[in-house]
Amino acid sequence: MLRKQSKKETAGASTAQAMAASGRRISVSDMLRKYGLVFAILIMVVVLSSISGTFFTSTNIINVLRQISINGILALGMTFVILTSGIDLSVGSLVAVSGVVCGSIVFNNPDAIWLGFLGGVLVCGLFGAITGFMIMKFRIPGFIATLAMMTIARGFALVYSDGRPYVLTSEKFKLFGQGYVGIIPVPVVILIIVVLLTLSLLYYTKFGRYVYAIGGNPNAARASGINVGLTTMIVYTLNGLLAGLAGVILASRINSGQPAIGVSYEMDAIAAVVIGGTSLSGGIGKISGTILGFLIIGIINNGLNLLNVSSYYQQIVKGLIIAGAVILDTTSKRRA
Amino acid sequence: MDDHILEMSDIGKSFPGVRALDHAHLNVRRGEVHALMGENGAGKSTLMKILMGIYHPDQGSISIDGHQVVIENPAVALRLGLSMIQQELSPIPEMTVSENIFLGREELYRGTPFVNQKSLNARTKKLLEEFKMRVSPSAKMNTLSVAQIQMIEIIKAISYNSRIIIMDEPTSALSDEEVNNLYETIRGLKRKDVAVVYISHRLEEIFEIADSVTVLRDGQFIGSEPIGAIDKDRLISMMVGRELTNIFPKQRVELKGEILAVRGLSRTGVFQDISFSVRKGEILGVAGLIGSGRSEVMRAVYGLDQRDAGEILLDGKPLDIRNVKDAIRHGIVMVNEDRKGYGLVLCRSIKENIALSNLDYLSRGKFFVNLRKEKEACAKLAKELMIKMSGINDTVESLSGGNQQKVVLAKSLMVMPDILILDEPTRGIDVGAKAEIHSLMGEFARKGMAIIMISSELPEIMGMSDRIMVMGEGKIRGIFNRKDVTQEDILKCALTGEVKSA
């Protein structure tokens, strides 16, 4: 037996040596895997700057940032949902719900912009909580529960507004979508705040740990004394609140609360999260990845516009990039 | 020796950290029922999975009808006339009985791509009648009882017209009448020269139905005998057979007062009227076969499963344990037998896993994790348990089984428990890590922790426990002082319920 053990040890040592030796060689591809998205963004920036004179101007950069803020906020919320191995298809409809609720308040009372803001955000938070409750109480898969909520919320927005947009003339209300803090647009400021908020939630709180644990192995989470149902419900509520926030910004930017807006916004949000390397099976993913994900989508959209690529082709390009990102992710994982 | 339909010789198979089979043999004659015996983890299932092409052996050869064969995958095994009734049933619940039986070999109307369901139903009906089953061929599987599903699986295996049928615990869910039907079928198969490899823990069954028996222990071939040449006691000692060596460093610990008492714990259909207690510094071993209810009882104490009746007392005061959090708050923690299923979040780091059970303690205020405290506390535990790693930020899936088990152990120690429940704490890990975990257990007991250890491995039970509780069929069959009993007594008690008279 002694001999057997020592044999195992030498085998272990030699594999360790092999790993250490190949470690340096792998490091280039490791770097590429780790910072691949950063490289991708840099390459896109260099290429676009050289082709189009307008791309690398401060006006355009601020423009890009403003354009991505809505998808960015949605993607950050979606990151939590996907980390628990769920998905939320209802956020596009919630953007519309927020728009009409907030719009109706500001329409009737042009000065009550903060009441409108809160109304939009909280109503969507309530919708998210209801979705989370369905998932927790009846153990419906998130896909189904949010698919149901997607049509319910869309219907609610249409019923609430009688199918007509609230056209907003309030100058004050422009703050959320069109205002500036210095040279920085307010939507970008809000996005940065949401980034900081989600970062601290995910990395510095117990709740963040629970989110990762539930996505990684719900049984182990339960056996460790974690309230899986409640945590899941909070995740969907948080996602609803953020969708509501995005809805208010959008309504302010277009000066109207539109019941039919936001269709398929959830897809861009999911795409950003997935490009950012978050695993759809849960438990693995980072806020930084999601940030890179929505930056890439924003730059692609902007760049293709500047290059006068037809919007039909833009969709194909976007799809190819999403597929490529996921293929890269799964193959690199399989090799590991 | 020409009448061997199956010869498996010198089979070896290793998994990371474990030698599952070591020069194992199995020779089966045409038309005989051959029992394959051994304790849990002796290698029976691994050997059969090799035969069915699910695993590939590292060494050794397999011959069928005297021809050497290589069984690449289950399809090859079926073609060679082998079929197996798995211990874990795998019906497709939304499909009908006949669809399940003929899955993958549906009969078509000639020259068309359409399934001839009528003919399949007729063939199924005939099979069902043969087994005296009053079930419609078009009934959905999810409307059947577990026993009926098990019978369907048996019928399915037989319907392949196999020459060798492996039955892994086929009677675990059957009533006496159904068992008798099964015996009749098996005798019918024998007349058709079909060989049956029969795996069961129930000794009575072996003596009732088997013609010969092969015993494995620790993956090694122990012996093969005609059933007439052997009796119960001899069979048990062949299965247990090991001598107790010094690998169990049981420390002498002075037992202090009783800390945990369980009174009349019951859960309908799972376990009944369970009462026992543990003292500080004591290791209570829990023995019993898989399915005896031993894990379920402990899961109920830990709040992971519901209980219907009974109370749990800590220091004489009744506790209201409704969920895991309650148990943890009272200093009770359990290490689950299914390390990957219930113990670990494999894709996360060692640190996050260790911290998971007690983030309250590692937090500042109600929400925020105290990152420095978390890091220090987890690193300290990882060091104490000698987890081999490059750092506490390694993912758990990168560790070996033994080290993964230590992470689970560290996670439960983070709770600073008074009562530590361990379910199969050393299953599937190598000898070195096993000894380390055993010596850690001794140390915990010395510090006054009460330990409840469920194990299928009798030497471990005998080597580590102060007292031994034996369970069977959801009841306590006896509680013994270790000094008063032998391994054979424990196994006999677990298998038959016979208690050695004092």
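The values are calculated or read from the model by the stated rules, or taken from the named source; none is laboratory data. Source: prediction; values computed, not measured. Methodologically, a virtual Cβ is constructed for each residue, glycine included, from the backbone with ideal geometry; neighbour enumeration extends over all protein chains shown.
Would you point out the residue of the stretch B:141-157, among those that are in contact with an Asp or Glu (Cβ under 9 Å, 6 or more places away or on another chain) and without any contact (Cβ under 8 Å) to a residue 60 or more places away in the chain, that is surrounded by the most Cβ atoms within 10 Å (Cβ to Cβ)? Give the derivation first.
In the first step, residues of the stretch B:141-157 are kept if they are in contact with an Asp or Glu (Cβ under 9 Å, 6 or more places away or on another chain); the result is B:141-142, B:147-148, B:150-151, B:155.
Restricting the remaining residues to those that are without any contact (Cβ under 8 Å) to a residue 60 or more places away in the chain gives B:141-142, B:147-148, B:151, B:155.
Numbers: B:141: 19, B:142: 11, B:147: 16, B:148: 19, B:151: 24, B:155: 21.
Per the stated criteria, the residue is B:151.
Tell me yes or no: at least one residue of the stretch B:176-199 is modelled with pLDDT under 80 and in a loop (DSSP other than H, G, I, E, B). Scanning the stretch B:176-199 turns up no residue that is modelled with pLDDT under 80 and in a loop (DSSP other than H, G, I, E, B).
When only residues in the stretch B:67-115 that are among the β-branched types (Val, Ile, Thr), within 26 Å of residue B:221 (Cβ to Cβ) and in contact with a helix residue (DSSP H, G or I) (Cβ under 6 Å, 6 or more places away or on another chain) count, which is surrounded by the fewest Cβ atoms within 10 Å (Cβ to Cβ)?
Step one: filter the stretch B:67-115 for residues among the β-branched types (Val, Ile, Thr), giving B:69-71, B:76, B:85, B:92, B:96-97, B:101, B:112, B:115.
Remaining after also requiring within 26 Å of residue B:221 (Cβ to Cβ): B:69-71, B:76, B:85.
Add one more test, that the residue is in contact with a helix residue (DSSP H, G or I) (Cβ under 6 Å, 6 or more places away or on another chain), and what stays is B:71, B:85.
On the way: B:71: 21, B:85: 19.
Among those that are among the β-branched types (Val, Ile, Thr), within 26 Å of residue B:221 (Cβ to Cβ) and in contact with a helix residue (DSSP H, G or I) (Cβ under 6 Å, 6 or more places away or on another chain), it is B:85.
The set of residues from the stretch B:417-449 being in contact with a Gly (Cβ under 7 Å, 6 or more places away or on another chain), at pLDDT 90 or above and hydrophobic (A, V, I, L, M, F, W, C) comprises B:419, B:445.
Return yes when residue A:212 is hydroxyl-bearing (Ser, Thr, Tyr) and more than 14 Å from chain B (Cβ to nearest Cβ) and no when it is not. Spell out the reasoning first.
Working: hydroxyl-bearing (Ser, Thr, Tyr): yes; more than 14 Å from chain B (Cβ to nearest Cβ): no.
So residue A:212 does not fit the description; no.
Note on the stretch B:356-376: among residues that are among the hydrophobic types (A, V, I, L, M, F, W, C) and surrounded by fewer than 20 Cβ atoms within 10 Å (Cβ to Cβ), the one that is farthest from the other protein chains (Cβ to nearest Cβ) is B:371. Considering (1) surrounded by 14 or more Cβ atoms within 10 Å (Cβ to Cβ); (2) modelled with pLDDT under 90; (3) not in a loop (DSSP other than H, G, I, E, B), say which one residue B:119 fails and leave the rest. Result: residue B:119 passes all but (2).
Can you spot a residue in the stretch B:325-337 that is more than 7 Å from chain A (Cβ to nearest Cβ), among the charged types (D, E, K, R) and either touching a residue at least 60 places away in the same chain (Cβ under 8 Å) or part of a strand (DSSP E or B) (or both)? Yes: the stretch B:325-337 contains one or more residues that are more than 7 Å from chain A (Cβ to nearest Cβ), among the charged types (D, E, K, R) and either touching a residue at least 60 places away in the same chain (Cβ under 8 Å) or part of a strand (DSSP E or B) (or both).
Pairs are defined by a Cβ separation below 8 Å, a sequence spacing of at least 6 or placement on different chains, a first member in the stretch A:258-283 that is within 22 Å of residue A:166 (Cβ to Cβ), and a second member that is among the charged types (D, E, K, R) and not in a helix (DSSP H, G or I); the pairs so defined are A:259/A:164.
For the condition over 24 Å from the mean Cα position of the chain (by Cα) and surrounded by fewer than 16 Cβ atoms within 10 Å (Cβ to Cβ), what is the one hit in A:126, A:196, A:122, A:115?
Being over 24 Å from the mean Cα position of the chain (by Cα) and surrounded by fewer than 16 Cβ atoms within 10 Å (Cβ to Cβ) holds for just one of A:126, A:196, A:122, A:115, which is A:115.
Here residue A:259 passes the criteria (1) of a type outside the set (D, E, K, R); (2) facing chain B (nearest Cβ under 9 Å); (3) crowded, with 24+ Cβ neighbours inside 10 Å; (4) not in a helix (DSSP H, G or I) except the one numbered (2).
Residue count for the stretch A:284-296 satisfying the condition of being surrounded by fewer than 23 Cβ atoms within 10 Å (Cβ to Cβ) and in contact with an Asp or Glu (Cβ under 9 Å, 6 or more places away or on another chain): 0. All conditions but one from (1) within 11 Å of another protein chain (Cβ to nearest Cβ); (2) modelled with pLDDT of 95 or more apply to residue A:190; the one that does not is (1).
Just a yes or no: is a residue in the stretch B:309-319 assigned to a strand (DSSP E or B), in contact with a helix residue (DSSP H, G or I) (Cβ under 9 Å, 6 or more places away or on another chain) and in contact (Cβ under 8 Å) with a residue 40 or more places away in the chain? Show your work before the answer.
Pass one, the stretch B:309-319, residues assigned to a strand (DSSP E or B): B:309-314, B:317-319.
Now narrow it down to the ones that are in contact with a helix residue (DSSP H, G or I) (Cβ under 9 Å, 6 or more places away or on another chain): B:310, B:312, B:319.
Now narrow it down to the ones that are in contact (Cβ under 8 Å) with a residue 40 or more places away in the chain: B:310, B:312.
Yes.
The lone criterion from (1) over 21 Å from residue B:468 (Cβ atoms); (2) small (Gly, Ala, Ser); (3) not in a loop (DSSP other than H, G, I, E, B) left unmet by residue B:300 is number (1).
Test residue B:138 against the criterion of being assigned to a loop (DSSP other than H, G, I, E, B), surrounded by 20 or more Cβ atoms within 10 Å (Cβ to Cβ) and out of contact with any His (no Cβ under 8 Å at 6 or more places or on another chain), and give yes or no. Against the criterion (assigned to a loop (DSSP other than H, G, I, E, B), surrounded by 20 or more Cβ atoms within 10 Å (Cβ to Cβ) and out of contact with any His (no Cβ under 8 Å at 6 or more places or on another chain)), residue B:138 does not qualify. Taken over the stretch A:215-229, residues that are within 7 Å of another protein chain (Cβ to nearest Cβ), assigned to a loop (DSSP other than H, G, I, E, B) and within 16 Å of residue B:328 (Cα to Cα) amount to 2. In the set B:132, B:125, B:140, B:118, which member is touching a helix residue (DSSP H, G or I) at 6+ places or on another chain (Cβ under 9 Å) and more than 30 Å from residue B:33 (Cβ to Cβ)? Answer to the selection: B:140.
Condition check: of a type in the set (A, V, I, L, M, F, W, C) and modelled with pLDDT of 85 or more. Does residue B:247 satisfy that? Steps first, please.
Values: of a type in the set (A, V, I, L, M, F, W, C): yes; modelled with pLDDT of 85 or more: no.
So residue B:247 does not fit the description; no.
Restricting the search to strands (runs of 3 or more DSSP E) fully inside the stretch B:56-99 and requiring at least 3 residues that are of a type in the set (A, V, I, L, M) gives B:82-85.
Return the residues of the stretch B:338-353 that are in contact (Cβ under 8 Å) with a residue 12 or more places away in the chain and more than 26 Å from residue B:456 (Cα to Cα); say none if nothing qualifies. Those that are in contact (Cβ under 8 Å) with a residue 12 or more places away in the chain and more than 26 Å from residue B:456 (Cα to Cα): B:347, B:348, B:349, B:350, B:351, B:353. Kindly indicate whether any position in the stretch B:344-355 is within 30 Å of the chain's Cα centre (by Cα), surrounded by 17 or more Cβ atoms within 10 Å (Cβ to Cβ), more than 12 Å from chain A (Cβ to nearest Cβ) and outside any loop (DSSP other than H, G, I, E, B). Taking every residue of the stretch B:344-355 in turn, at least one turns out to be within 30 Å of the chain's Cα centre (by Cα), surrounded by 17 or more Cβ atoms within 10 Å (Cβ to Cβ), more than 12 Å from chain A (Cβ to nearest Cβ) and outside any loop (DSSP other than H, G, I, E, B).
One residue alone among B:50, B:64 is β-branched (Val, Ile, Thr), surrounded by 15 or more Cβ atoms within 10 Å (Cβ to Cβ), touching a residue at least 24 places away in the same chain (Cβ under 8 Å) and farther than 27 Å from residue B:427 by Cβ, and that residue is B:64.
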